[in-house]
Amino acid sequence: MATGAAQRFRPVVVSGPSGAGKSTLLKRLFAEYPDTFDLSVSHTTRAPRPGEENGREYYFTTKEDFLDLVSKNAFIEHAQFGGNYYGTTVQAVKDVAQKGKICVLDIEMEGVKQVKRTDLDARFLFLAPPSIGELEKRLRGRATETEESLTKRLAQAKNELEYAAQPGSHDKTVVNDDVEKAYKELRDWIVDGGNFGARQ
Ligand SMILES: Nc1ncnc2c1ncn2[C@@H]1O[C@H](COP(=O)(O)OP(=O)(O)OP(=O)(O)O)[C@@H](O)[C@H]1O
């Protein structure tokens, strides 16, 4: 992937355990830089809803075509929800750079490992909670979890923190203790003095 756009608009992967604050900080980043970043368009086998356009909300695809893409290793990650398949292809991430924007991927550890197996030349930022105890407090405060899903998320958070502690797993770690401080640190690393991590 040696095109100019790919070198200039390198994808940014923001990962971290559920509840670390990825959505909170990325929402602020998109608001402060409205035309700079974009999310990739996912594939789905679910039917389009009224007003949805192929290639805008999703790439709407048949189950057969979706599974064909899976067999060709086209996906960074894919999953099944409510009987439908959803996934992010490597190509969809490249398309964002071709449009002159920086693709932001908000993903968890397995997705990070997958992105590393591609030629996307992404930059990796890990958003860490101040502690597991504080993470639990925030997830409880968000009131989106059952006791069971909370236990699962906290166990998974421990795996993510272990992976993040390995040298070379990420290019940058931001601890989300104070939200203002964490936001500035995340923003300044991503913006990189206006260079956005571009090669050359
Ligand atoms: N620095 C902070 N201090 C206190 N609370 C915070 C901070 N950052 C985020 N929160 C709160 O913690 C909760 C989890 O944050 P958020 O939903 O952004 O996490 P997330 O990493 O996107 O999680 P998921 O991966 O499950 O979507 C939210 O209720 C949010 O308001």
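The values are calculated or read from the model by the stated rules, or taken from the named source; none is laboratory data. As the structure is a computational prediction, the values presented were derived from the model and not from experiment. Using ideal geometry, Cβ is built from the backbone for each residue, glycine included, and neighbour counts are taken over all protein chains shown. Just the protein is used for accessible areas: all its heavy atoms, side chains included, with ligands, DNA and RNA removed. Shrake-Rupley method; radii C 1.70, N 1.55, O 1.52, S 1.80 Å.
Observations
- Residue within region 10-27 that is farther than 26 Å from Ala74 by Cβ, without any contact (Cβ under 8 Å) to a residue 40 or more places away in the chain and not charged (D, E, K, R) present: no
- Any hit, region 11-34, residues being within 18 Å of the chain's Cα centre (by Cα), away from the ligand (no atom under 16 Å from the Cβ) and not in a loop (DSSP other than H, G, I, E, B): no
- Residue selected from region 157-196 under the condition small (Gly, Ala, Ser) and assigned to a helix (DSSP H, G or I), by the criterion surrounded by the most Cβ atoms within 10 Å (Cβ to Cβ): Ala157
- Residues that are open to solvent by less than 50 Å² (accessible area, probe 1.4 Å) and aliphatic (A, V, I, L, M) number at least 2 in the following strands (runs of 3 or more DSSP E) confined to region 44-156: 75-81, 102-107, 123-128.
- Residue check for Asp121: within 15 Å of the chain's Cα centre (by Cα) and at positive phi: yes
- Yes/no for Ser23 being in contact with an Asp or Glu (Cβ under 8 Å, 6 or more places away or on another chain) and of a type in the set (S, T, N, Q): yes
- If you go through region 111-140 and keep only what is polar (S, T, N, Q) and more than 16 Å from the ligand (Cβ to nearest atom), you end up with Gln114, Thr118.
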